[in-house]
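For reference, the structure is listed below as structure tokens.
The values are calculated or read from the model by the stated rules, or taken from the named source; none is laboratory data. Predicted model, so just to flag it, every value in this text is computed and none were measured. So basically every Cβ, Gly included, is an ideal-geometry build from the backbone, and we count neighbours across all protein chains shown. Heads up: the accessible areas ignore ligands, DNA and RNA and are worked out on the full protein's heavy atoms, side chains in. Shrake-Rupley method; radii C 1.70, N 1.55, O 1.52, S 1.80 Å.
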Amino acid sequence: MEENRTNEYFRKINYYETDRMGITHHSNYIRFMEEARIDFLERIGCGYDKWEKEGILSPVTGLECKYKRPTTFGDGLKIRVAIKEYRHVRLSVSYTMINAETGEPVFEGVSHHCFVNAEGKPVALSRKYPAFDALLKNQMTEQETVREDCDTDG
């Protein structure tokens, strides 16, 4: 049995997400990124609901997308999420989407975010919300440990 990884999200492609050619429409991958990011942040204790209760908003400031292989109705996607970069006011999250049946990569992406208050002013989590800052830093440390483990396995 595969262990449930904090940084992995699973979803199936729905029929309505495909285009006339039967291929998942490219715009849906942005939605999949958001679903996976929200799930990931909730799992590590930094859910959007908690941020918003504290008056923190996190708008998307940029996106990067690389479409590798098409998916179709019924395909399962494993979406691996990782914090690519965190700098107190900015956060970049990476996504690797794998076809669950074939194991082939189908998409790679990055979403860039900032932290602001209700007035749109930048918020440094390290100063105003040290608990959230610690959770994000801890996740970066855990990811680095996993990378180091992978580097020495070879």
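Give the number of residues within segment 95-136 that are in a helix (DSSP H, G or I) and touching a strand residue (DSSP E or B) at 6+ places or on another chain (Cβ under 7 Å). Break it down into steps so the answer makes sense when it comes.
From segment 95-136, those in a helix (DSSP H, G or I) are 125-128, 130-136; that's our starting set.
Applying the additional criterion that residues be touching a strand residue (DSSP E or B) at 6+ places or on another chain (Cβ under 7 Å) yields 136.
Summing the residues that are in a helix (DSSP H, G or I) and touching a strand residue (DSSP E or B) at 6+ places or on another chain (Cβ under 7 Å) in segment 95-136 gives 1.
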Taking segment 62-103 as the region of interest, how many residues are within 20 Å of residue 139 (Cβ to Cβ), of a type in the set (Val, Ile, Thr) and more than 12 Å from the chain's Cα centre (by Cα)? 1
Among the residues of segment 72-92, how many are in contact with an Asp or Glu (Cβ under 9 Å, 6 or more places away or on another chain) and either at negative phi or part of a strand (DSSP E or B) (or both)? 10
If only one of 126, 27 is of a type in the set (Gly, Ala, Ser) and surrounded by 13 or more Cβ atoms within 10 Å (Cβ to Cβ), which one is it? 126
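Restricting segment 62-94 to residues that are of a type in the set (Gly, Ala, Ser) and touching a helix residue (DSSP H, G or I) at 6+ places or on another chain (Cβ under 9 Å), which is farthest from residue 36 (Cα to Cα)? Write out each step before concluding.
Step one: filter segment 62-94 for residues of a type in the set (Gly, Ala, Ser), giving 62, 74, 76, 82, 92, 94.
Retained after the next criterion (residues that are touching a helix residue (DSSP H, G or I) at 6+ places or on another chain (Cβ under 9 Å)): 74, 82.
On the way: 74: 18, 82: 10 Å.
It comes out as 74.
Is at least one residue of segment 33-41 touching a helix residue (DSSP H, G or I) at 6+ places or on another chain (Cβ under 8 Å) and surrounded by fewer than 18 Cβ atoms within 10 Å (Cβ to Cβ)?
Just the residues of segment 33-41 that are touching a helix residue (DSSP H, G or I) at 6+ places or on another chain (Cβ under 8 Å), to begin with: 38, 41.
Next, from what is left, pick out any that are surrounded by fewer than 18 Cβ atoms within 10 Å (Cβ to Cβ): 38.
Taking every residue of segment 33-41 in turn, at least one turns out to be touching a helix residue (DSSP H, G or I) at 6+ places or on another chain (Cβ under 8 Å) and surrounded by fewer than 18 Cβ atoms within 10 Å (Cβ to Cβ).
Regarding residue 17, is this residue open to solvent by less than 20 Å² (accessible area, probe 1.4 Å) and more than 18 Å from the chain's Cα centre (by Cα)?
Values: open to solvent by less than 20 Å² (accessible area, probe 1.4 Å): yes; more than 18 Å from the chain's Cα centre (by Cα): yes.
Answer is yes for this residue.
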Extreme residue, nearest to residue 134 (Cα to Cα), among residues of segment 43-97 that are touching a Lys or Arg at 6+ places or on another chain (Cβ under 8 Å) and without any contact (Cβ under 8 Å) to a residue 24 or more places away in the chain: 92
